Amino acid sequence: MLAEKRKKILVVTLLLMSALMVAEPAPTWFSKLVRETRSKHDLIVDAQIIDEMYSAIVEVSKKYDFDPLLIIALIKVESEFRNVVGMYGELGLVQIKKETAEFVAQKYSLSEPEGGWSTLLWDYRLNIEYGVLYLKYLLQKTSGNLLKALEMYNGGNMKSEYANRIVKEYKELMKYKDTNSGR
């Protein structure tokens, strides 16, 4: 009986702690990058959007052992931090097609989102997760060759240029973050 009471106290304590945990705000360098990029498109940019985006990137990156800077570079090149529908139906920040998302779901035993695949347009975390899982699959397929995986991720006529832009952006983010570490 005492053991059950301790379990209940522990569960309640954990629930309270998780409810009190607030996602760490995005670092200044990330906020500045998103503000500059989204402002070019006359989009509303507030701290909440930036913090939600950053939290989603960090959470998914940790979950699948990816460098968050690579995901940030991918998003910057793909969508410029906008929830947009691409020319060929690509959705959201990582510009993933419905068919690709369905493939990823099947490959990694995920369910279709409750609101359907169009949810990928607005749900940052879900959108990033499907994009990261697809990139993970492509990296496995190319034996870890990032440039080839990024070319396959895009698949369009300009796939080499696209992949090189992401790699260049990734390298710049690494330098920029190192010189502006902290907030």
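Coordinate-derived values only; no laboratory data. Because the structure is a prediction, the values reported are computed rather than measured. Cβ sites come from the backbone with ideal geometry, for glycine too, and all protein chains shown count toward neighbours.
Per-residue Karplus couplings for segment 26-36, computed as 6.51 cos²θ - 1.76 cosθ + 1.60 with θ equal to phi - 60°, are listed in order as 4, x, 4, 4, 6, 4, 4, 4, 5, 4, 4 Hz, Gly and Pro entered as x. What is segment 88-134 by shape, rounded, prolate or oblate, if you read a ≥ b ≥ c off the alpha carbon gyration tensor as root eigenvalues and call it rounded for a/c under 1.5, prolate for a/b larger than b/c, and oblate otherwise? Since a/c stays below 1.5, the shape of segment 88-134 is classed as rounded. Sorted fewest first by neighbouring Cβ atoms within 10 angstrom, Tyr88, Tyr54 come out as Tyr88, Tyr54.
Distances between placed amide hydrogens fall under 5 Å for Leu110 paired with no residue 5 or more residues away or on another chain.
Backbone amide hydrogens, once placed in the peptide plane, bring Glu90 within less than 5 Å of nothing, excluding anything fewer than 5 places away on its chain.
Legend: distances between Cα atoms for Lys136/Lys175; Lys148/Lys171; Lys98/Lys141; Lys40/Lys98; Lys40/Lys62; Lys32/Lys76; pairs beyond 22 Å are Lys136/Lys175; Lys40/Lys98; Lys40/Lys62. Principal axis extents of the Cα atoms in segment 25-179, from largest to smallest and rounded to whole angstrom, are 37, 34, 30. About the centre of its Cα atoms, segment 113-154 shows a dipole size close to 220 debye [charges on the beta carbon of Lys, Arg (+1) and Asp, Glu (-1) only; nearest 20 debye].
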